[in-house]
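Engineer: Right, I'll just put the structure down here and ask away after.
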Amino acid sequence: MKAGIIVFPGSNCDHDAYWALRETLDIRADFIWHRETELKGYDFLILPGGFSYGDYLRSGAIARFSPVMQELQKLAEKGTPIIGICNGFQILTESGLLPGALTVNDTMKFECRMINLKLSENRSLWTKRYERGAILNMPIAHGEGRYIADSDLLKELEDNQQIVFQYCDEAGNITDAANPNGSVNHIAGICNKEGNVLGMMPHPERVVEAVLGGTDGKAIFQSLLEVL
């Protein structure tokens, strides 16, 4: 199995993703510069966190025009597994690969801490190893992580079981107090209708080793071992 990690100017979690794949899961991985126009030989692709293009205009708004994104869209349509983490999630929404948008946290602050998530749906290719309803502990680090969607889109996401992660407390209760950024319906991650494209604000690649504080994110990548 081989992964491709897309690197934009300003990406800063690309090496985190590389370490998670190579050192803890023994999955081959390459860094792919954003100017590349061919993505051959990769079983799945990662858009890592960071501040692509310095988050000018809006987070992900410039990165969506990078040459690599045209090929990424083609692969997404063919069913290739793609995950966007934090800034990667923002890029996926800006490019239309995932619906909705991500905007400034309602706290008006950069939120960097551990939070709890509930796995609302496990139909995505990226969540097969988790049981539905599982409570996970992962770090966040974002200033524009507030997911927004109008009522029609929200209903569509719910009807199609596209809401994958929601912010919750330690007991799994989905409450306003557990929501770090004001996301509508406490959404922390969604997938496309087909389930091969996942976007999430928390960082699973930072919790794949107990020595770093936990392993709750490891099954995100292990899930692909069951479907590829």
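Derivation of every value follows stated rules applied to the coordinates shown; laboratory data play no part. Note that this is a predicted model, so its numbers are computed, not measured. Please note: Cβ atoms are built from the backbone with ideal geometry, for glycine as well, and neighbour counts cover all protein chains shown.
Engineer: In terms of the Cα gyration tensor, with a ≥ b ≥ c the square roots of its eigenvalues, is the range 22-69 rounded because a/c is under 1.5, prolate because a/b exceeds b/c, or oblate? Don't jump to the answer; show the numbers that get you there.
Structural biologist: On the way: a/c = 3.32, a/b = 1.63, b/c = 2.04.
Verdict is oblate for the range 22-69.
Engineer: Shifting gears a bit: I need two numbers for the chain: Rg to one decimal and Dmax as a whole number, Cα atoms only, in Å.
Structural biologist: Over the chain's Cα set, Rg and Dmax evaluate to 15.8, 45 Å.
Engineer: Using only the C-alpha atoms of the range 19-104, find the volume of their convex hull and express it per residue in Å³.
Structural biologist: 101 Å³
Engineer: For the range 101-228, what does the alpha-carbon gyration tensor say about shape, rounded, prolate or oblate, given a ≥ b ≥ c as the root eigenvalues, a/c under 1.5 as rounded, and a/b over b/c as prolate?
Structural biologist: Oblate is the answer for the range 101-228, as a/c is 1.5 or above yet b/c matches or exceeds a/b.
Engineer: Please compute the contact order of the chain in relative form: average sequence separation of alpha-carbon pairs under 8 Å and at least six residues apart, divided by the residue count, as a percent.
Structural biologist: Once divided by the residue count of the chain, the mean separation gives 20 percent.
Engineer: If you don't mind, there's one more thing I want to ask. Based on other C-beta atoms within 10 Å, arrange 25, 119, 47 from fewest to most.
Structural biologist: On the way: 25 17, 119 21, 47 35.
So the residues, fewest neighbours to most, are 25, 119, 47.
Engineer: Right, here's the next one. Counting other beta carbons within 10 Å of each Cβ, put 64, 206 in order, fewest first.
Structural biologist: Details: 64 20, 206 23.
Result, fewest neighbours first: 64, 206.
Engineer: Past 27 Å, Cα to Cα, is the threshold; run 40/155; 109/193; 78/118; 118/155 against it and keep the listed order. Please report the intermediate quantities before stating the final value.
Structural biologist: Numbers: 40/155 36 Å; 109/193 32 Å; 78/118 29 Å; 118/155 19 Å.
Result: 40/155; 109/193; 78/118 exceed 27 Å.
Engineer: Let me ask you something else. Could the peptides 10-21, 142-153 be put in order, highest first, of the mean number of other beta-carbon atoms found within 10 Å of their residues?
Structural biologist: The most tightly packed comes first, giving 10-21, 142-153.
Engineer: I've got another one for you. Which helices, taking whole DSSP H runs in the chain, have alpha carbons extending 24 angstrom or more along the helix axis plus mean Kyte-Doolittle at least 0.0?
Structural biologist: none
Engineer: For the residues 108, 1, 201, what sequence is obtained by ranking on other C-beta atoms within 10 Å, fewest first? Write out the running numbers ahead of the final one.
Structural biologist: On the way: 108 8, 1 15, 201 32.
Listed from fewest to most nearby Cβ atoms, that is 108, 1, 201.
Engineer: Based on the Cβ-Cβ distance from residue 227 to residue 153, what FRET efficiency comes out when R0 is 30 Å, to the nearest 0.05?
Structural biologist: 0.65
Engineer: Using the Cα centre as the reference, give the magnitude of the dipole from point charges on the C-beta atoms of the chain (Lys, Arg: +1; Asp, Glu: -1; all else neutral), rounded to the nearest 20 debye.
Structural biologist: So the magnitude is around 300 debye.
Engineer: Still on this structure, I have one more. Could you list which residues have their amide H under 5 Å from that of residue 98, counting only those 5 or more apart in sequence or on another chain, with H placed in the peptide plane?
Structural biologist: 93
Engineer: Of 185, 122, 49, which is farthest on the positive side of the dipole of the range 2-227, counting Cα position, with +1 on Lys and Arg Cβ, -1 on Asp and Glu Cβ, and the Cα centre as origin?
Structural biologist: 49
Engineer: Highest mean first, what order results for 32-42, 83-93 on Cβ atoms within 10 Å?
Structural biologist: With the highest mean Cβ count within 10 Å placed first, the list reads 83-93, 32-42.
Engineer: Provide the gained length on full extension for the span residue 170 to residue 77, in nm with one decimal, where the gain is 0.36 nm per separating residue minus the Cα-Cα distance. Mind dumping the intermediate values first?
Structural biologist: Numbers: separation 93, 0.36 × 93 = 33.48 nm, distance 3.66 nm.
Computed gain between residue 170 and residue 77 is 29.8 nm.
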